[in-house]
1. At a threshold of 8 angstrom on Cα-Cα distance, excluding pairs fewer than six apart, so keeping six or more, what relative contact order does the stretch 25-80 reach in percent?
2. Tell me the GluC sites (Glu not before Pro) within the stretch 20-68 that lie in a loop according to DSSP and have at most 16 other beta-carbon atoms within 10 Å.
Amino acid sequence: MVAKPEYEQASDDIVGEEIVPGVFMLNREEGRIEFDRQARMELGISGEEFLRRWDNGEYQPIPDTPDGWKVGGLYMLMPLVRPTKF
């Protein structure tokens, strides 16, 4: 039995098209699905609930703690579901 490389093990549940090993291109719907999946995995809530709480300021400022890192990770994924503001 040959072990899969780490990137393949981590990506088994990711939706989207793998364009290079470990890099996936997601369409809008796939991005929404992935954001929701990550919110449920990290915080036990839906992606919509995370966005509602974010908009209400419940996560700000983001603390430098293990729980805060989870929130920060979801913050970095927000462009999957919302336009990015520059």
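1. Worked out over the stretch 25-80, it gives 35 percent.
2. Passing both the DSSP loop test and the Cβ count: Glu58.
The numbers here are math on the coordinates, done by the rules we state, and not lab data. Quantities reported herein were computed from a predicted structural model and do not represent experimental measurements. Ideal geometry is used to build each Cβ from the backbone, glycine not excepted, and the neighbour counts take in all protein chains shown.
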